[in-house]
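Have a look at the structure below before the remarks.
What follows is calculated from the coordinates using simple rules that are stated; it is not laboratory data. In this text the structure is predicted, and so the values were computed from the model without any measurement. Cβ coordinates were reconstructed from backbone atoms using ideal geometry, including for glycine residues, and neighbour counts include every protein chain displayed.
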Amino acid sequence: MTATDPIDQARRTVLAGLGTLALGLAPVRPASATAEKMAAAIAAFTGGAVPVPGRMVLEVASLVDNGNTVPVTVRVDSPMTASDYVAAIALFNERNPDSGIAVFTLGARAGKAEVSTRIRMATSQKLVAVARMGDNSFRMHSADVVVALAACIEGEA
């Protein structure tokens, strides 16, 4: 068989058409709708203030095998004194049914500004951690996570 064989050429055409059809049948979710939903949840947490990057780290694997249990740790660089402390840390996601994952309330007596939890992720998406500082300023850090096996899909549209 050569590349110009009519049977081989027909097979390639059919396979290419099936691939295109499969891509066309995949559910498409507008990225702006989910990004807007997450941005609205962040704005509600910050009271409309714009968080700035820096002074914090969001630790999460960039590729997770199973979205049913994804370990997440957030650390904020703060001395945790009466004048410089973290008041709260919130986690947000882009594509789960609810954009707000959790809010952890801290204070100057917390000792260190670090929280850890496990979350469920419906699909590959962006996670954002936002910290409210004692002076009502906001810090943020984000990470993109690829999920091989999805969770939380029963509420998806």
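General remarks:
- Placing pseudo-labels 7 Å out from each Cα toward the beta carbon at A108 and K126 gives an inter-label distance of 3.5 nm.
- Calculated FRET efficiency, S116 to D77, Cβ-Cβ distance, R0 = 22 Å: about 0.85 to the nearest 0.05.
- Added length on full extension, which subtracts the Cα-Cα distance from 0.36 nm per residue, T69 to D135: 20.4 nm
- Each of A143 and A39 was given a label point 7 Å from its Cα along the Cα-to-Cβ line. The distance between the two points is 2.4 nm.
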